[in-house]
Amino acid sequence: MSNIINTLNIPTVDYIKGNKGKFTLILKVRAGYVAADNLSTQPWRNESYLKNPSNILGEYKKGALQTVMFQPEGSNHSFVVFARVGKKIKVVDVAFLESLKVGTVNSVWYGTELYGQGQYEAVKATSWDSFAFKMNEVVEELV
């Protein structure tokens with residue numbers, strides 16, 4: 001069972017589930033066209049993203065990342081685990097939301113459906129280092 005709190009009602013899938021596999025990213029480049037970045041050609045990057053998929057969402061400039069596909073090990077099919085069209089997030093895998101930080105959303109994804117002050121309040125986010133879609137521990141200070 002997922003511990004995600006999604007008050008924004010962004011459609012989610014659960015294909016990554018800690019599986020090994022390969023990511024392919026679809027990026028909009030400065031020249032205006034889209035290009036694929038197949039991370040299987042750089043195994044160290046792919047391994048890093050398998051450990052923390054939300055890092056993919058923070059690595060590229062605002063507006064560059066369009067789609068992320070995941071091909072589980074042993075499968076011939078790739079699944080869309082993140083997709084956006086303009087400001088709308090069409091789908092996002094739960095694995096992205098589990099470790100996505102407020103700072104990543106505020107710096108790269110503001111103005112999209114991932115951003116929402118109500119969402120931050122629902123998870124008790126207090127800083128850019130807080131989780132954006134998972135309940136944050138409230139630390140009480142002794143006076």
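Quick rundown of the values:
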quantity	calculated
Subset tally (residues that are under 12 Å from the mean Cα position of the chain (by Cα) and of a type in the set (G, A, S)) for segment 57-106	4
Number of the exception - A122 against (1) closer than 19 Å to L25 by Cβ; (2) more than 13 Å from the chain's Cα centre (by Cα)	(1)
Residue in segment 116-132 that is under 27 Å from G21 (Cα atoms), of a type in the set (S, T, N, Q) and either out of contact with any strand residue (DSSP E or B) (no Cβ under 7 Å at 6 or more places or on another chain) or surrounded by fewer than 11 Cβ atoms within 10 Å (Cβ to Cβ) (or both) present	no
Failed item in (1) in contact (Cβ under 8 Å) with a residue 12 or more places away in the chain; (2) not in a loop (DSSP other than H, G, I, E, B), with E121 passing the rest	(1)
Test: residue in segment 28-45 that is within 30 Å of K124 (Cβ to Cβ) and touching a Phe, Trp or Tyr at 6+ places or on another chain (Cβ under 9 Å)	no
Single residue of segment 37-65 satisfying the filter (assigned to a helix (DSSP H, G or I) and among the charged types (D, E, K, R)) that is surrounded by the fewest Cβ atoms within 10 Å (Cβ to Cβ)	K51
Matching residues, segment 7-25, being surrounded by fewer than 18 Cβ atoms within 10 Å (Cβ to Cβ) and more than 21 Å from G74 (Cβ to Cβ)	T7, L8, N9, P11
Residue pairs meeting the criteria (Cβ under 9 Å; at least 6 apart or on separate chains; first assigned to a strand (DSSP E or B), in segment 13-36; second basic (K, R))	F23/R45; V34/K28; A35/K28
Meets criteria (under 21 Å from G32 (Cα atoms) and either without any contact (Cβ under 8 Å) to a residue 40 or more places away in the chain or among the polar types (S, T, N, Q) (or both)) for V85	yes
Test set (1) touching a strand residue (DSSP E or B) at 6+ places or on another chain (Cβ under 6 Å); (2) in contact (Cβ under 8 Å) with a residue 60 or more places away in the chain; (3) in a loop (DSSP other than H, G, I, E, B) - V91 fails condition number	(3)
Residues (in contact with a helix residue (DSSP H, G or I) (Cβ under 7 Å, 6 or more places away or on another chain) and either acidic (D, E) or within 16 Å of T7 (Cβ to Cβ) (or both)) located in segment 86-108	L100, V102
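Where a number appears in this text, it was derived from the coordinates with a stated rule and is not lab data. Note that this is a predicted model, so its numbers are computed, not measured. Cβ: placed from backbone, ideal geometry, glycine included. Neighbour counts: every protein chain shown.
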